[in-house]
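Peer 1: Submitted below is the structure of interest, expressed as structure tokens.
The values are calculated or read from the model by the stated rules, or taken from the named source; none is laboratory data. For clarity, every value in this text was computed on a predicted model and none was experimentally measured. Note: ideal-geometry Cβ built from the backbone for every residue, glycine included; neighbour counts use all protein chains shown.
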Amino acid sequence: MKSVELKTRSVLTVFFIAFFYMLTAKDAAMAVYVEPGDRFTLRLVTPVENNSGRAVWESKYYPSDVLSEKMSDYVFRRMKEIHRIDPIRLMSDIPDFWPVGGFSGKDRIIKISLERFDYLKKDTFGSKVYWDVILHSYVYDGSTRELLFDSVIEESDKRQYVLYQDILDTEPIYWQNFEKSPYWPVIRKALDRALEETVEGYNGYRVVGQIIAKAERVDGSFTVSNRQQDKIYHINLGRQDSVKVGDVLSVIRSSSVRTIAPETPEVHFPQIVGRVRVVFVKDRDAAVEIIKESKDGPIQLGDSVSMPLSGRRDGNDF
């Protein structure tokens, strides 16, 4: 009976969190709250478009622009590094041609285009070089092809050198030189941000687990002291959910209040009541230590724990 009650509370908490963000955050309605063990399909529309007007040749023997191909390969390689993501390439940029059968509402499609790559050089007391990159990314529901959100991402940088000729001063630009220049890392950084907005934070995937047990100290144990015993709990997230030792997770509890609105007689408000740090990990569960909790409502069994599927785990990303 108790396990059923805890399971029910877990499901309700996940629903309350999603419902709250749909009402209160600009893009949070797009956030996907997932249970331990879930896998997702992320499809990249390829090639990543190069609308900047700048071309990068493979070599003098292959006089065609390869920047789109290189950007596509980079993003797809990064997608394969994300836990529980199954990456797929889409070879068409026309939504009507994207397959929808067999995909769920938790799956995502990302389309990226390089819209601007500006470069300015000033030769006064050396060479000052300024450049900026603008990407436009679009994220779609994997099962309906509906546009969920889009964002414009800008990265810029500058450097100062002794007077020299920049690779962008000459045409054509060859990939071998461009890859070693300071410009390619800035484009990669913008591509990383586009991917992060898709899978992290309020727009991405959040894994929601639960505090399922209080740690019991074994007599004579050197691992957990008497003082620590009241601060150690077990959660139902583990290595298979990308949990690592040292991760800091948010602990969440929902409150409910009655309203005077007949269409919404009750609303639920998820609140952060503490933070825990992972101290031990197994495949399907982990032990966490309380590092911060509310004095008025200390952490307890049945509370939910939340973390992004990838990205930072410092407890401040919720």
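Peer 1: Just to be sure I understand, how many residues within the range 43-56 are among the hydrophobic types (A, V, I, L, M, F, W, C), modelled with pLDDT of 95 or more and part of a strand (DSSP E or B)?
Peer 2: Selection size over the range 43-56: 2.
Peer 1: Would you pick out the residues in the range 155-180 that are part of a loop (DSSP other than H, G, I, E, B) and modelled with pLDDT under 85?
Peer 2: VAL162, LEU163, TYR164, GLN165, ASP166, THR170, GLU171
Peer 1: Now a separate question. Which condition number in (1) of a type outside the set (D, E, K, R); (2) out of contact with any Gly (no Cβ under 9 Å at 6 or more places or on another chain); (3) at pLDDT 85 or above is the one that PRO262 fails?
Peer 2: It fails just one condition, (3).
Peer 1: Picking from ASP65, ASP86, which residue would you name as being of a type in the set (Asp, Glu), closer than 17 Å to GLY204 by Cβ and assigned by TED's automatic domain parsing to the domain that holds LEU44?
Peer 2: Going through ASP65, ASP86 in turn, just one is of a type in the set (Asp, Glu), closer than 17 Å to GLY204 by Cβ and assigned by TED's automatic domain parsing to the domain that holds LEU44: ASP86.
Peer 1: Working only within the range 144-162, note down all residues that are buried (at least 17 other Cβ atoms within 10 Å of the Cβ) and more than 13 Å from ARG193 (Cα to Cα).
Peer 2: Matches in the range 144-162: LEU148 only.
Peer 1: Anything in the range 57-102 that is among the β-branched types (Val, Ile, Thr) and outside any loop (DSSP other than H, G, I, E, B)? List them, or say none.
Peer 2: Listed by number, the residues that qualify are VAL75, ILE85, ILE88.
Peer 1: Same structure, new question: Between residues in the range 129-155 that are within 20 Å of GLY105 (Cβ to Cβ) and residues that are among the aliphatic types (A, V, I, L, M) and in a loop (DSSP other than H, G, I, E, B), which pairs lie under 8 Å by C-beta distance while being six or more apart or on different chains?
Peer 2: GLY142/VAL100; SER143/VAL100; THR144/VAL100; ARG145/VAL100
Peer 1: May I pose another question? Pull up the range 243-273, narrow it to residues that are small (Gly, Ala, Ser) and on the phi < 0 side of the Ramachandran plot, then point me to the one that is surrounded by the most Cβ atoms within 10 Å (Cβ to Cβ).
Peer 2: Among them, the one singled out is SER250.
Peer 1: Can you tell me which of VAL152, VAL129 is at pLDDT 90 or above and either part of a strand (DSSP E or B) or among the hydroxyl-bearing types (Ser, Thr, Tyr) (or both)?
Peer 2: VAL152
Peer 1: From the set of residues in the range 93-133 that are of a type in the set (A, V, I, L, M) and in contact with a Phe, Trp or Tyr (Cβ under 6 Å, 6 or more places away or on another chain), which is farthest from SER52 (Cα to Cα)?
Peer 2: The selected residue is ILE109.
Peer 1: Strands (runs of 3 or more DSSP E) wholly in the range 253-311 with at least 1 residues that are over 22 Å from ALA215 (Cα atoms) - which ones?
Peer 2: Qualifying strands (runs of 3 or more DSSP E): 266-281, 304-308.
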